[in-house]
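Bear in mind that the values in this text are calculations on the coordinates, not laboratory data. Quantities reported herein were computed from a predicted structural model and do not represent experimental measurements. Cβ placement follows ideal geometry from the backbone for every residue including glycine, while neighbour counts extend to all protein chains displayed.
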Amino acid sequence: MKNVRKYIIISAALAVVITVFAVLMIMYDKGVFDISFIKRADPVTSTAETETEPEEETTGESVTDTEGTDTSEETDSEETAAPSVFDELHETIPATNGKVYIATEKTYDKDTMSLYRLDTLTLPRLNVTGDNMTRTRYLVTRSDVLRNFTVKQVSEMRRAVDVYMGMLVVSDGTSLSFYNGSGIIMYKYTGEEELVFAYERDKEDRPLFILGEEYYYIDANSKTLVKSDFDKSESRGLYYNYTSDFAKDAKKAKFWNYKTVEQKDEGAIGSLYFDHGYVMVRNIKYERDDEDDGKVVEDMEIIVDEDGREFPLPEGYAAKAYSDERILVEYKNKYGFYAVKGAWIADSIYTYATPYYEGLAVVGTMLQRGVIDLDGNFVIPLSYTHISVCSGGIIVCWSAQTGYEVYIKTEN
């Protein structure tokens, strides 16, 4: 019995000592007193606190903590919040400020051209509208390595703001408004029948639309749809935003002993003409035997010169598109650009990339994209979730922070 009492007394004493020690440590940590033989550490600002907060794309509003308490008064009144990436972007790319600038589809040249943010239009913030649209797609299936291509009409959600062959298209779910590169209205469609984007141009290079089974173009002077005499035999066989002078002479293109890339989607942009002495072709290799015509062992795009010689890409890299003397290459599911002159334009570090259109290419990730010029320099930083290809000098961007924004490429 005495041993039990002794144990209880010792345990209670230890508990009191531990509690007192814990209280003293808390008081020391709070600065209530100092211990002469212990030197306090100098106060250090957390790297996470100093570097992470400015990246949280501020909008100029007060920052609140998790309990909703306004902490803006705690900062020095003379200090200003770090600018967001969008603030910096808008300082770098000025607004048109009501001036009329004419967008050009010419290849971007940093020395003779400028980008402007079109601020004459009020654009929606939502990424998509509630209406659908029918779009021609060139779908690919694979059978024994060989790719088979099929043209199909597919339904997809329409973006609230998009580009179509040099026209800016704004949808509110019930109507479509078409603007030129200066932000001037060309036509507004309010019909109930679906207006299909044909991805065709007539002989006068006017973008075409389909209503029912007839082709139409927009007459900007009368602001009406006009029936076209377009003949399907005139088709350039392309289903993407190509420029007015592109593929006019597709039937005159010169090819070598390769099966050419089917010229349908954006990835085939470099397969119609020799661009600075090179063209992209589809190379199919067979393993011949006596029983049949042979088995396909390789099916890939390559770049060849006018003598049919293959351009030597760095080992392990594959060509995905070719335009403006730049090859869009892929390496281990990452994309970059390599010039036919033998220099890297952009390392293969991006998970998303488009070919060069009018001297500009979109690169980045699925959630963060920007635009680079022919030298690989960013003209629009990695700051948007969606960026269209450049079409007729018009680029459409979207992010949850800014909503839709439109940039135009103009000659100085």
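What do you reckon, is ILE408 touching a Leu at 6+ places or on another chain (Cβ under 8 Å), surrounded by 21 or more Cβ atoms within 10 Å (Cβ to Cβ) and among the hydrophobic types (A, V, I, L, M, F, W, C)?
On the way: touching a Leu at 6+ places or on another chain (Cβ under 8 Å): yes; surrounded by 21 or more Cβ atoms within 10 Å (Cβ to Cβ): yes; among the hydrophobic types (A, V, I, L, M, F, W, C): yes.
It is true that ILE408 is touching a Leu at 6+ places or on another chain (Cβ under 8 Å), surrounded by 21 or more Cβ atoms within 10 Å (Cβ to Cβ) and among the hydrophobic types (A, V, I, L, M, F, W, C).
Could you please let me know if ASP324 is among the acidic types (Asp, Glu) and under 30 Å from GLU91 (Cα atoms)?
Details: among the acidic types (Asp, Glu): yes; under 30 Å from GLU91 (Cα atoms): yes.
It is true that ASP324 is among the acidic types (Asp, Glu) and under 30 Å from GLU91 (Cα atoms).
Keeping to region 312-335, report how many residues are farther than 12 Å from GLY270 by Cβ and in a loop (DSSP other than H, G, I, E, B).
Going through region 312-335 one residue at a time, the tally reaches 8.
Just one of the numbered conditions (1) within 10 Å of the chain's Cα centre (by Cα); (2) under 22 Å from ASP275 (Cβ atoms); (3) not aromatic (Phe, Trp, Tyr) is not true of LEU367; which one?
All conditions are met except number (2).
Considering ALA343, ALA361, ALA318, which residue is more than 16 Å from VAL281 (Cα to Cα), exposed (fewer than 15 other Cβ atoms within 10 Å of the Cβ) and not basic (Lys, Arg)? Even if it seems obvious, please write down each step before you answer.
Numbers: ALA361 fails: exposed (fewer than 15 other Cβ atoms within 10 Å of the Cβ); ALA318 fails: more than 16 Å from VAL281 (Cα to Cα).
Result: ALA343 is the single residue among ALA343, ALA361, ALA318 that is more than 16 Å from VAL281 (Cα to Cα), exposed (fewer than 15 other Cβ atoms within 10 Å of the Cβ) and not basic (Lys, Arg).
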